[in-house]
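The block underneath contains the structure these notes are about, expressed in structure tokens.
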Amino acid sequence: MIQRQIDVALGERSYPIYVGTSMTTSFAPTCQQHGVPKRIVIITDTNIAPHYLKPLQQHLRHFQFDVSSIVIPPGERQKSLQRANAIFTELLKSNVGRKSALVALGGGVIGDLVGFVAAAYHRGVTYIQAPTTLLSQVDSSVGGKVAVNHPLGKNMIGAFYQPKFVWIDIDCLRTLPPREIVCGLGEIVKYGVILDAELFAYIETNLDRILQLDNEAVMHVQGRCCEMKAHITSEDERETGIRVILNYGHTVGHALEAAGNFTTVKHGEAVLMGMIAETYIARQMGMVSPEVHERIVALIRRIPLRVRKGSLTLARVLQAMKHDKKTVDGKKRFVLPVRLGEVQIVDTVEPSLINASLRHLFAEKMVTGKR
Ligand code: ADP
Ligand code: ZN
């Protein structure tokens, strides 16, 4: 049942985000309503397929859709040009034409990869985001940023390509490993700090309910995050302005992910740790009060994050920070909190302070804790 609809306003590319529970039974009618082509290819991974693929296929067939599927291995490494090409080959071999639709059934990896394939295949086919992880449901499935990774940089080959609609079924989260719930919280806390002090306070009060996947609490935070993402996307689809603030926690976060070869540390975990380091920078620069700094760190400390040390050494993080491809005119850009719900973009952080913030982060128990 669809319980909520949030609209992303982008002129003729506008689209809704539908949120609810037990939603499989209304998927096909929603496709019909949006004029989705009859030929549908569902693309998902081997962890998700056993739970959700068959029922969705049967449901669509029941409504006379011509459905097939492509199931790939899980993991960030699949976000590659090689995998995209393998999917192109399969689509071409199966005579999937221009008037077809792809459904991205999965987490951020599937969403980014399938969106990228949809943007390029026949110069663009219809696609639908059906995110199944908390992280992709609150953040990456909305906004149309699609990409694959290049050996020289994450998300370096991509496009802005909006889906027909986003389909968020909260029930999918029940089969998600607990570590992935923690990852989702990375982006959720981020939204609280950058734009919404009330959301931040709600997470403080309801963290345990969210971790236990209490429906009401999850719906609440998810709704708020999607509203903010929808609003920011409408204002600045191509990230030339306000959309940049979504990168709070991400400048350090990306370096942590890279230092861990994109395996040791997951994106959401990296964002949680990145927010600790970046809030420390804001505090040292006198931008944020000690009270707000403490509240942010205290909340993140309560989230059960345990990252294996692995290849994650301070030296490697510092090196990754230096080689980050995302610099603007050679300057590192940081999104730093001023107060809860407000951030500032700063590109004048001294390298010595960046280093100090990483040392500070490594002194936190969470980075060295064993799983
Ligand atoms: P993210 O959305 O954080 O980018 P991924 O796309 O890498 O994450 O998905 C994280 C992991 O969770 C992958 O191994 C994926 O196969 C698995 N997964 C995704 N959704 C579900 C689900 N609903 N139930 C079980 N496992 C899932
Ligand atoms: Zn992110």
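The values are calculated or read from the model by the stated rules, or taken from the named source; none is laboratory data. Note that the coordinates shown come from a computational prediction; the quantities given were computed from them, not determined experimentally. With ideal geometry, Cβ positions are generated from the backbone for all residues, glycine too; neighbour counts draw on all protein chains shown. For the accessible areas, the whole protein counts, side chains as well, though only heavy atoms, and no ligand, DNA or RNA atoms are used. Shrake-Rupley method; radii C 1.70, N 1.55, O 1.52, S 1.80 Å.
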Using only the alpha carbon atoms of region 1-75, find the Kirkwood hydrodynamic radius as the inverse mean reciprocal pair distance, in angstroms to one decimal. 13.8
Which semi-axes, in whole Å and largest first, does the equivalent ellipsoid of the chain have when worked out from the alpha carbon gyration tensor as the square roots of 5 times its eigenvalues? 34, 22, 19
Go ahead and estimate [θ] at 222 nm for the chain from helices alone: -39,500 (n - 2.57) per DSSP H run with n ≥ 4, summed, over the residue count, rounded to 500. -14500 deg cm²/dmol
Tell me the angle of helix 81-93 to the major Cα principal axis of the chain, expressed in degrees between 0 and 90 and rounded to the nearest ten. 10
Considering only GLY260, GLY143, GLY153, give the residue with the highest GNM mean-square fluctuation for the chain, with springs between Cα atoms whenever their separation is below 10 Å. GLY153
Set Lys and Arg Cβ to +1 and Asp and Glu Cβ to -1, take the dipole of region 227-268 about its Cα centre, and tell me which of ASN247, HIS231, ALA258 lies farthest positive. ALA258
Label-reachable residues, region 130-171, where backbone N falls under 20 Å from a point 7 Å from HIS51's Cα toward its Cβ: 130-142, 166-171
Exposure ranking of ASP139, ASP7 by accessible area [1.4 Å probe, largest first]: ASP7, ASP139
Computed D for region 73-128, Stokes-Einstein, Kirkwood radius over alpha-carbon pairs, 37 °C, 0.692 mPa s, to the nearest µm² per second, is 291
Debye sum, Cα scatterers, region 230-363, no solvent: what log₁₀ I/I(0) at q = 0.12, 0.20 1/Å? -0.45, -1.25
In Å², what does the accessible area per residue of region 1-71 work out to with a 1.4 Å probe? 50
Give the carbon-plus-sulfur fraction of the accessible surface of region 158-294 in %, rounded to a whole number; probe 1.4 Å, heavy atoms of protein chains only. 49
What value does region 111-259 have for Rg/Rh, both radii from Cα atoms and Rh as Kirkwood defines it? 0.96
Calculate the FRET efficiency for HIS122 and ASP171 from the Cβ-Cβ distance with a Förster distance of 25 Å, rounded to the nearest 0.05. 0.15
Report, in degrees rounded to the nearest 10, the 0 to 90 angle that the Cα long axis of helix 250-259 makes with the longest principal axis of the chain. 80
Once all protein chains are kept in place, ILE170 shows an accessible area at probe 1.4 Å, nearest 10 Å², of 0
Hey, can you grab everything whose amide H is under 5 Å from the amide H of ASP7? Only 5+ residues off in sequence or another chain; H modelled, so Pro and N-termini drop out. ILE17
